[in-house]
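Enquirer: Provided herewith is a single structure, encoded as structure tokens, for subsequent inquiry.
The values are calculated or read from the model by the stated rules, or taken from the named source; none is laboratory data. Values in this document were obtained by computation on a predicted structure and should not be read as measured data. When we count neighbours, we look across all protein chains shown, and the Cβ atoms used for this are built from the backbone with ideal geometry, even at glycine.
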């Protein structure tokens, strides 16, 4: 039969790559039928929750459970003593350190878990917690990492030998009891040589403050030990369910095939839900001990005060250039505050993550980075909050240093960037600190961005505003924030990226059903990124079945192939690649089946959208649907029945999305209030799978950037008390505080990725924070500001204005 | 998140309320909208063994606009304030302030009485009521007492209301002239970094009366007689504004917190007051 | 010791009767007693709005109310706003305009939006942002939520006009 439908219509029907396919997830979420951890109810389910330390540093002298055990409904109160015989009172962290599950002799941060109360319901658990009597002996508190490196106060007594010597840590020698590691990248001597002899050199210290991913759903789990069959099922807010299964197996002694980890719907992750928390371990133990399911879901205060924070990097940058503005060297020194335990979620060889991307988008011939990790009396961590490992810190550093250098050179900061961008023909580009950037065309993107916002017009307007301000006609300054970032995502090549020894590949397993629909399972897990929608689009284009006929499943370790999970941007580069590769295996077998059905040689057919056609005779074809049935129906010599494939993808490199952002901001110098007048974001994420979803990711990432830059912090006082532990003080913007964003794009495919895609979820956050910050800094530049630390909340902006004499 | 256990009462009249208060003393508290008390109970920062829900006690949900005064029942919500056209015509500052309290959901439940009686220095109604020279009526075993808003607040969470008295309504002398409620906050829904309530009258280009009250700049609202006084008789020019700000600064006593240091708060208080006066004056 | 109270509520059109401790928060009544898990918990200080329901015509954060307080009231949650056979225009619009990502804020967001559109049938963007300021979202940056609500308003108003 001749086909009535055009090729274009056939492509459209697939809803494959490049179309703004509406999300399949939305049906359940808009009808209140999502399935999140706290929705899970099992027969006989118990509740567990923690007694937490009010002190940041104290000895735990005694824990009296007796009154708590009298509370009706309370079944058990677990302490470190109860977990010790199982070897579970401590657990390994993802950074090669170990962390107390329950306080073992002392506590190291406010809110640290001291005891786990298990009860029949939430009410009894809450009452039980109040009834546990803990006697503490307060110890001196260290909240400043610089102080900690000099202090006689030892935080980690477990890491000091009996004779007082300091054994090596997981990353090498340690120079002080409160020191964790020193990590270096690049060449110290040549870099310092250039810096010392440069025509122009500037140094600036900057603090990237401690903040927190704060997803709307807090962390939690339900642990259910089936004693009859010896199987443990663990539902939880896990961004990396397979890794959790392996870790739980290693620490509990239960073999992996007897552990099933399920990540159901997750209400946002942003890095907060990557690591293992005491609540997971205690729930598992409690379930094993009681033989009943145990649920633990933390409160928001628990989440903010004790789960993995982000950032807390004290950075000093030193940059040199010729008088014409060509950068010649960069040095960066960092003191990294990890809190009481190094629970950073980094690949094992990178204790400071990918901080060594700090040469940014610029062609810098020589560079050196040194990072010292330090223990303090704060919550352990840190994680990468909507960024690749430590990349927000790296990009902030370089995007600030370029502004500071522009001030020193008395140059326009946009022009200074342009002079120093890596050129298109230099890709793949070997950066001075080790990474090979895959592709980029920075100049095109920058020109497009600056034109779109009429950059020259903005500068002219700003100049007028400065005059008006000095003449007393206005009290509002205008800032133009610039940011050109290069992200490094898609961790990562197994040869240098592993977490706890697990290589950072990812996977996809596809099975085609006889009647032409399919199911694909991946080692990643969406927390809102829309994988069920977008990965079906990748497959639709690869295998020619409609996306609407493809179910995407993630998160159940019994069925999903092994993967390292989803943080913020690695899924498309790694699992997306695995999906494409598995799709190509399907297509390769489909080709053979088609050739058999059409009675021609394998090489005489070619793939066309949704079918295989005979070359030169397109009226002879077999659709993928027909081929699917044939796979189950025909006995084809040399070909097994069925149609399925699996791919484990070890990426040859990271991918390098980039972007150009411009922010126009007006600042009231008397009140410190900022208004974002305009925000333009151009993102290049390579091949674009679903433009609607990309735009949503950009909106979301920019809003989290706005929050971090303009006020969102985890602040401590001198006693280690958390000052911003509730949503009253931890700044989450409402719809009122957030502007409309203008989004734009260029497309520079990744040459090594099967579909050329780079990932986009993290980019707006990575590039957004320096953009908002630079807008503030830029507003005050005409009055002498070089750098002022974030967050730029009202009082700090006011203070900057005050120090510059703008209130006189 | 889970409060301690408590006994719950829902009396039908004030006599019922009072008898529970009398029986349980300190251990009993009344609740209106619950949006100040319940969050404190959930954090176990407020211990209320006996909770008396006022929602079935009648006679406290009306807004009555007379010739010379306005009466607002304690159970009237912020949402009711915002939606009452007659009230807005008579005392527009109330709506302007109510719109700046918290968020839509909280405004549906939060009551005028709760906001006034709580004694939290961050609440907006106390300062506003002082600006308006309102009188609070509290009902106890000995009947009704009327207490001037300007005399009501003693310290944070400490007011002139006795534990066994219930705030039943607020009486506001009919305001006139220009009005403004100006509030700086870290984000919508937050308590004030600094807020100013101003009522001001003008005759022949000169200020004939001015009432100024400041919020969240001390452990109680601050009615600044001096600031209001410094505007009277002037044309509310730059000098007068500066004088009003200086006078006000002498009356407030802000403390440092997450919103910022003292110097910042003092400065912002001055800016906010200045803007409030200017806006009120333009409407006078 | 605290005495349980007999409570009668109407939830999504169905009458529910039970005995509850006074301290039982309405959000837990819905989620645990009645298995209505659309409304979610995102904080314990009444800031996030994920628990928003409609009670007797008011948008209310159900985490800040005891079940006993709600005695005799009519409660609507997201489950009562629309389902697979009768989607509300807001539910359709949120999907059409990508007004959600992780979905956690969505039940509260849509529930509040239904009330907002009753308060202001044709809201401006500013009125939408102000009227939705009691509902936090971490994923979308709100821009597409505003678009979704605007689209739903258009559809609802057109249907109303067509009916007249």
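Enquirer: Considering only residues that are in a strand (DSSP E or B) and more than 15 Å from residue B:167 (Cα to Cα), look in segment B:29-60 and name the one that is nearest to the other protein chains (Cβ to nearest Cβ).
Expert: Per the criteria, the residue is B:51.
Enquirer: Given B:151, B:164, which one is surrounded by fewer than 22 Cβ atoms within 10 Å (Cβ to Cβ), modelled with pLDDT under 95, under 29 Å from residue B:17 (Cα atoms) and more than 14 Å from chain C (Cβ to nearest Cβ)?
Expert: Unique residue meeting the criteria: B:164.
Enquirer: If I filter segment A:18-36 down to residues being facing another protein chain (nearest Cβ under 7 Å) and assigned to a loop (DSSP other than H, G, I, E, B), which single residue comes out as surrounded by the most Cβ atoms within 10 Å (Cβ to Cβ)?
Expert: Per the criteria, the residue is A:32.
Enquirer: Residue check: is residue A:576 touching a strand residue (DSSP E or B) at 6+ places or on another chain (Cβ under 6 Å) and either touching a residue at least 24 places away in the same chain (Cβ under 8 Å) or not in a loop (DSSP other than H, G, I, E, B) (or both)?
Expert: yes
Enquirer: Name the strands (runs of 3 or more DSSP E) wholly inside segment A:211-298 in which the number of residues that are over 25 Å from the mean Cα position of the chain (by Cα) and away from every other protein chain (no Cβ under 12 Å) is 2 or more.
Expert: In segment A:211-298, the matching strands (runs of 3 or more DSSP E) lie at A:220-226, A:231-236.
Enquirer: A follow-up question, please. Determine whether segment A:519-533 contains at least one residue that is more than 23 Å from residue A:269 (Cα to Cα) and assigned by TED's automatic domain parsing to the domain that holds residue A:643.
Expert: yes
Enquirer: Here is a further query. Could you list, in sequence order, the residues of segment A:652-672 that are out of contact with any helix residue (DSSP H, G or I) (no Cβ under 6 Å at 6 or more places or on another chain) and not in a strand (DSSP E or B)?
Expert: A:652, A:653, A:654, A:656
Enquirer: OK, next. Among the listed residues C:58, C:4, which satisfies the condition of being more than 9 Å from every other protein chain (Cβ to nearest Cβ), surrounded by fewer than 19 Cβ atoms within 10 Å (Cβ to Cβ) and at pLDDT 95 or above?
Expert: Exactly one of C:58, C:4 is more than 9 Å from every other protein chain (Cβ to nearest Cβ), surrounded by fewer than 19 Cβ atoms within 10 Å (Cβ to Cβ) and at pLDDT 95 or above, namely C:4.
Enquirer: In segment A:181-193, what residues are surrounded by fewer than 19 Cβ atoms within 10 Å (Cβ to Cβ) and in contact (Cβ under 8 Å) with a residue 12 or more places away in the chain?
Expert: Correct list: A:182, A:184, A:187, A:188, A:190, A:192.
Enquirer: Could I ask something else about it? Sort through A:472, A:481 and tell me the only one that's in the same structural domain as residue A:669 (by TED's automatic domain parsing) and surrounded by fewer than 19 Cβ atoms within 10 Å (Cβ to Cβ).
Expert: Matching residue, one of A:472, A:481: A:472.
Enquirer: Sort out for me the strands (runs of 3 or more DSSP E) sitting completely within segment A:66-146 that have 2 or more residues that are within 14 Å of chain B (Cβ to nearest Cβ), touching a strand residue (DSSP E or B) at 6+ places or on another chain (Cβ under 9 Å) and over 27 Å from residue A:169 (Cβ atoms).
Expert: Result: A:113-119.
Enquirer: While we're on this one: Touching a residue at least 12 places away in the same chain (Cβ under 8 Å) and not assigned by TED's automatic domain parsing to the domain that holds residue B:127: does that describe residue B:222?
Expert: yes
Enquirer: Out of curiosity, is residue A:631 over 19 Å from residue A:15 (Cα atoms) and free of Cβ contacts under 8 Å to residues at least 40 places away in the same chain?
Expert: Judged against the criteria, residue A:631 is not a match.
Enquirer: Which ranges mark the strands (runs of 3 or more DSSP E) fully within segment A:440-534 that have 3 or more residues being under 25 Å from residue A:581 (Cβ atoms)?
Expert: Passing ranges, in order: A:506-512, A:518-522.
Enquirer: Just need a number here: residues in segment B:243-264 that are within 14 Å of chain A (Cβ to nearest Cβ) and out of contact with any helix residue (DSSP H, G or I) (no Cβ under 8 Å at 6 or more places or on another chain).
Expert: Of the residues in that region, 3 qualify.
Enquirer: Also, I was wondering about something else. Among the residues of segment B:3-28, which ones are part of a loop (DSSP other than H, G, I, E, B) and away from chain C (no Cβ under 14 Å)?
Expert: Matches in segment B:3-28: B:13 only.
Enquirer: Can you tell me which residue among B:200, B:188, B:277 is within 14 Å of chain A (Cβ to nearest Cβ) and touching a helix residue (DSSP H, G or I) at 6+ places or on another chain (Cβ under 8 Å)?
Expert: Just a single option satisfies the conditions, and that option is B:188.
Enquirer: If a residue counts only when it is within 7 Å of chain A (Cβ to nearest Cβ) and farther than 21 Å from residue A:698 by Cβ, which helices (runs of 4 or more DSSP H) contained entirely in segment C:78-164 have at least 1 such residues?
Expert: C:78-81, C:89-96, C:106-119, C:125-131
Enquirer: Within the group B:225, B:220, which residue is more than 14 Å from every other protein chain (Cβ to nearest Cβ) and touching a strand residue (DSSP E or B) at 6+ places or on another chain (Cβ under 6 Å)?
Expert: Among B:225, B:220, only B:220 is more than 14 Å from every other protein chain (Cβ to nearest Cβ) and touching a strand residue (DSSP E or B) at 6+ places or on another chain (Cβ under 6 Å).
Residue by residue, here is whether (1) over 24 Å from residue A:448 (Cβ atoms); (2) in a loop (DSSP other than H, G, I, E, B); (3) without any contact (Cβ under 8 Å) to a residue 60 or more places away in the chain; (4) not assigned by TED's automatic domain parsing to the domain that holds residue A:100 holds:
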residue	(1), (2), (3), (4)
A:371	yes, no, no, yes
A:386	yes, yes, no, yes
A:395	no, no, no, yes
A:402	no, no, no, yes
A:407	yes, no, no, yes
A:414	no, no, no, yes
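Enquirer: Of the residues B:177, B:83, B:110, B:122, which single one is within 25 Å of residue B:227 (Cα to Cα) and within 14 Å of chain C (Cβ to nearest Cβ)?
Expert: Checking each option against the conditions leaves just B:122.
Enquirer: Filter segment B:138-168 for residues that are under 14 Å from the mean Cα position of the chain (by Cα) and either more than 22 Å from residue B:214 (Cα to Cα) or assigned to a loop (DSSP other than H, G, I, E, B) (or both) and give the result.
Expert: B:156, B:157, B:167 - these are the residues of segment B:138-168 that are under 14 Å from the mean Cα position of the chain (by Cα) and either more than 22 Å from residue B:214 (Cα to Cα) or assigned to a loop (DSSP other than H, G, I, E, B) (or both).
Enquirer: Which one is surrounded by the most Cβ atoms within 10 Å (Cβ to Cβ) among residues in segment A:789-808 that are touching a strand residue (DSSP E or B) at 6+ places or on another chain (Cβ under 9 Å) and more than 13 Å from every other protein chain (Cβ to nearest Cβ)?
Expert: Restricting to residues being touching a strand residue (DSSP E or B) at 6+ places or on another chain (Cβ under 9 Å) and more than 13 Å from every other protein chain (Cβ to nearest Cβ), the top hit is A:790.
Enquirer: Identify all residues within segment A:713-751 that are surrounded by fewer than 22 Cβ atoms within 10 Å (Cβ to Cβ), in a loop (DSSP other than H, G, I, E, B), away from chain C (no Cβ under 14 Å) and in contact with a helix residue (DSSP H, G or I) (Cβ under 9 Å, 6 or more places away or on another chain); write none if there are none.
Expert: A:746
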